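Enquirer: Below are the structure tokens for one structure; questions will follow.
The values are calculated or read from the model by the stated rules, or taken from the named source; none is laboratory data. Predicted, not measured: the structure shown is a model, and the values here were computed from it. Positions of Cβ are backbone-derived with ideal geometry, glycine not excepted, and every protein chain shown enters the neighbour counts.
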Amino acid sequence: MSAPRDFRAARRGLAVAGVVGLVACAVGAWLDSGAFFRAWLVSWLFLLGIALASMAQVMIHELTGGDWGRVLRPPLEAATATLPLIALLAVPLAFGLPSLFAWARPDAVAASETLQAQRWYLSPAFFILRNAAFLLVWTVLGVACLRAVRSDRVRGRRIAVAGLLVYLCTVTLAAFDWIASLVPGFYSTAIGIRLGTAQFLGSLAFAVALLVARTRTHATPPRRDFQDFGNLLLTYAMMWAYIAFTQYLIVWGEDLPVETSWFWPRATTSWRTLIIVVVALEFALPVIAMLFRAVKRSPRAMGVLCALVLAGNWLDTFWLVTPSLESGGFTLTWIDVAALIGMCASWLAALLWILERLPSYEPASTIVAAHG
């Protein structure tokens, strides 16, 4: 199947931007390895979240059905199919553990009884081993799910049930590894679901924004479908806000040093301005916009809204990671921008190539209208 001309041009432009961004990242790694690994971790977690939650939403739709899922399946399946690339992009992080984590530095471990007590779990070798296992499991699940849902619905549903359980468990462990353990001694039972809800919100926003972009070369889905997307976006935004606020409220109420150490730089420095922006983009804006039916039923309005939510999703990932390493206040470097452009442009170019080779699902509403 040949790709539409404008998508071929978009892929070429994205590939060029990706190469330029990755070259800039290489220069940044040579000049400041610590800043490079921080920037790489943020953008990698952002892309991982979109791909993982896309896989989970394909599985959910396979179990529940619904016209909304038929329309969104191509973007969600294309994002799921990029999991092998996401795994490859994780390789540089294996060389940056001492720059990111105190438990990966022998001198820091020797000076801390807490880190010494956690060595059975937080050690570089075990960390790399289990996260490599997570990436392998996610990739195998994604590939198996995409194959099964096209050929064997019964097998596809069985994989979906198992896959959702695996996602729930592994995303919790991964959230602790990549986010919580950045602060020595910090732990949170909510960090996994906090990351998971953000992933679902970002994945849906990405899929809808890409669907709107595809309408330049494909038929526009019915406006009723966009209303369903808006309702889902509102649900995910409220879930994300509820979990994030509940986590903060519990930590504030308990007032335990081991937990407040994570929130302290985020609440007392200029980092708190960033969370206000994140809340505005990921919660306030979609909640207010979804009050208006005209917005929910407008493809263009939904596309713009979802693009803003997606930007807030990256900023949320930035807020989850960077203050743990730069506690003095908000900082955004050119290396952060280079990593964002390099990784995201390369990933999106690959995703568009995959998307044009996936068969489309005809919306059920269109089928009914054609045979009604």
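Enquirer: Within the stretch 222-229, does at least one residue satisfy the condition of being more than 27 Å from ALA90 (Cβ to Cβ), in contact with a helix residue (DSSP H, G or I) (Cβ under 9 Å, 6 or more places away or on another chain) and modelled with pLDDT of 90 or more?
Expert: Checked against the condition, which is being more than 27 Å from ALA90 (Cβ to Cβ), in contact with a helix residue (DSSP H, G or I) (Cβ under 9 Å, 6 or more places away or on another chain) and modelled with pLDDT of 90 or more, the stretch 222-229 yields at least one hit.
Enquirer: Where the second residue is not in a helix (DSSP H, G or I) and the first is free of Cβ contacts under 8 Å to residues at least 60 places away in the same chain and lies in the stretch 320-344, which pairs have Cβ atoms under 6 Å and are six or more apart or on separate chains?
Expert: From the stretch 320-344, no pairs qualify.
Enquirer: Determine if the stretch 28-47 includes at least one residue that is of a type in the set (S, T, N, Q) and crowded, with 22+ Cβ neighbours inside 10 Å.
Expert: Looking for residues that are of a type in the set (S, T, N, Q) and crowded, with 22+ Cβ neighbours inside 10 Å, one finds at least one in the stretch 28-47, hence yes.
Yes/no matrix, rows are residues, columns are (1) under 18 Å from ARG153 (Cβ atoms); (2) of a type outside the set (Lys, Arg):
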{"position": "VAL16", "(1), (2)": "no, yes"}
{"position": "TRP30", "(1), (2)": "no, yes"}
{"position": "SER33", "(1), (2)": "no, yes"}
{"position": "LEU47", "(1), (2)": "no, yes"}
{"position": "MET55", "(1), (2)": "yes, yes"}
{"position": "LEU63", "(1), (2)": "yes, yes"}
{"position": "ARG73", "(1), (2)": "yes, no"}
{"position": "LEU76", "(1), (2)": "yes, yes"}
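Enquirer: LEU291 is checked against (1) out of contact with any Asp or Glu (no Cβ under 8 Å at 6 or more places or on another chain); (2) at pLDDT below 95; (3) assigned to a helix (DSSP H, G or I) and fails just one. What number does that condition carry?
Expert: Going through the list (1) out of contact with any Asp or Glu (no Cβ under 8 Å at 6 or more places or on another chain); (2) at pLDDT below 95; (3) assigned to a helix (DSSP H, G or I), LEU291 breaks only (3).
Enquirer: Surrounded by fewer than 18 Cβ atoms within 10 Å (Cβ to Cβ) and either part of a helix (DSSP H, G or I) or free of Cβ contacts under 8 Å to residues at least 24 places away in the same chain (or both): which single residue out of ALA241, ALA209, ALA284 fits that description?
Expert: The unique qualifying residue is ALA284.
Enquirer: Would you be able to say whether some residue in the stretch 117-129 is surrounded by 15 or more Cβ atoms within 10 Å (Cβ to Cβ) and modelled with pLDDT under 85?
Expert: no
Enquirer: In the stretch 238-274, how many are closer than 16 Å to ALA190 by Cβ, of a type in the set (Gly, Ala, Ser) and at pLDDT 90 or above?
Expert: Residues that pass the stated criteria total 2.
Enquirer: Which residue pairs have Cβ atoms under 6 Å apart, sit 6 or more places apart or on different chains, and have a first residue in the stretch 140-155 that is under 14 Å from PRO84 (Cβ atoms) and a second that is surrounded by 12 or more Cβ atoms within 10 Å (Cβ to Cβ) and of a type in the set (Asp, Glu)?
Expert: LEU146/GLU77
Yes/no matrix, rows are residues, columns are (1) under 23 Å from VAL58 (Cα atoms); (2) crowded, with 18+ Cβ neighbours inside 10 Å:
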{"site": "LEU83", "(1), (2)": "yes, yes"}
{"site": "LEU88", "(1), (2)": "yes, no"}
{"site": "PHE101", "(1), (2)": "no, yes"}
{"site": "ALA110", "(1), (2)": "no, no"}
{"site": "ARG147", "(1), (2)": "yes, no"}
{"site": "ALA174", "(1), (2)": "yes, yes"}
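Listed here are the residues, each with its yes/no results for (1) at pLDDT below 95; (2) polar (S, T, N, Q); (3) closer than 25 Å to PHE95 by Cα.
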site: ARG12; (1), (2), (3): yes, no, no
site: VAL20; (1), (2), (3): no, no, yes
site: GLY34; (1), (2), (3): yes, no, yes
site: LEU48; (1), (2), (3): no, no, yes
site: LEU52; (1), (2), (3): no, no, yes
site: VAL58; (1), (2), (3): yes, no, no
